[in-house]
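In what follows, a structure is listed as structure tokens, so that the remarks can point back to it.
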Amino acid sequence: MNLPIPITTPPGAVPPGTHPGGPPVWLMPAVVVLALALVLLAIAWSLYAKALRVDRLHRQVLGSRATLEAQLVHRAQAAADLAATGLLDPASALILSRAAYDALDAEGPLVEDGLDTEAPRRDAGDTATGEPTRSRARIESDLSRVIRTVVDPQARLDLNADPRGRDSLERLDRASYRLVLARRFHNTHVAEARRLRGALDVRALHLAGHAPLPQTFDIDDATAAEPGSGRTETAP
């Protein structure tokens, strides 16, 4: 009768799969793989968060652009109302009214960077006259220059002497001041978006997708001459 021979581990021997006095041999590779997975996950999350930030900045640009558009309309309407008071001389009233209604009737996107896909595109030229169509920035700058010319210091004195003129002038000044603030906020958002999109990882990995690069809205928005100097500024 054969009896089983007991197998005994000699004193001090190490069980298979372990190092003397250490963890199992599979533990270190598992830790390395886990660490790499966590690093990759952190990188992916960082890139995802940056892509969301780019998209959020684009939305902020569009939101501030809509506010800017509204303030441009308010200024043009205030200028048209001032021209209709009958307190300006006929020539000045006609020039101001025409410039104001040119701004009110202007079509096309405020900034032609393609970011606002819902805005109608501007035609390249006037089919009736063959002349190139003025950009929105050119139209608004022309209105600013007309306001500066028509509403000079002497005209302000004459308008302030009449309650209707004073009210119309105050509305125009408030609208002009708010326009300056709205354009400043818009251009600040554009600068932030362009700075973020200029980052190496955003450009290399196309985190902005196919969205066009936002552009600033640059116009001459000064509407009142500063007394005693050749500079111009918008009255608060």
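The values are calculated or read from the model by the stated rules, or taken from the named source; none is laboratory data. Keep in mind the model is a prediction, meaning the values are calculated, not measured. Because the Cβ atoms are built from the backbone with ideal geometry, glycine has one as well, and the counts that use them run over all protein chains shown.
General observations
- Residue in segment 104-116 that is farther than 28 Å from His58 by Cα, of a type outside the set (Ser, Thr, Tyr) and at pLDDT below 95 present: no
- In segment 218-227, residue farthest from Gln154 (Cα to Cα) [restricted to those that are in contact (Cβ under 8 Å) with a residue 24 or more places away in the chain and in contact with a strand residue (DSSP E or B) (Cβ under 8 Å, 6 or more places away or on another chain)]: Ala222
- Single residue of segment 57-83 satisfying the filter (buried (at least 19 other Cβ atoms within 10 Å of the Cβ) and among the basic types (Lys, Arg)) that is farthest from Arg174 (Cα to Cα): Arg65
- Total residues in segment 186-214 satisfying the condition of being surrounded by fewer than 16 Cβ atoms within 10 Å (Cβ to Cβ) and under 21 Å from Ala70 (Cβ atoms): the figure is 1.
- Subset of segment 63-87 [among the aliphatic types (A, V, I, L, M), within 18 Å of Ser135 (Cβ to Cβ) and in contact (Cβ under 8 Å) with a residue 60 or more places away in the chain]: Leu68, Leu72, Ala76
- Every pair of residues 6+ apart whose Cβ atoms lie under 7 Å, when the first sits in segment 194-217 and is closer than 18 Å to Gly63 by Cβ and part of a loop (DSSP other than H, G, I, E, B) while the second is modelled with pLDDT under 90 and of a type in the set (A, V, I, L, M, F, W, C): Ala211/Leu115; Pro212/Leu115; Pro214/Leu115
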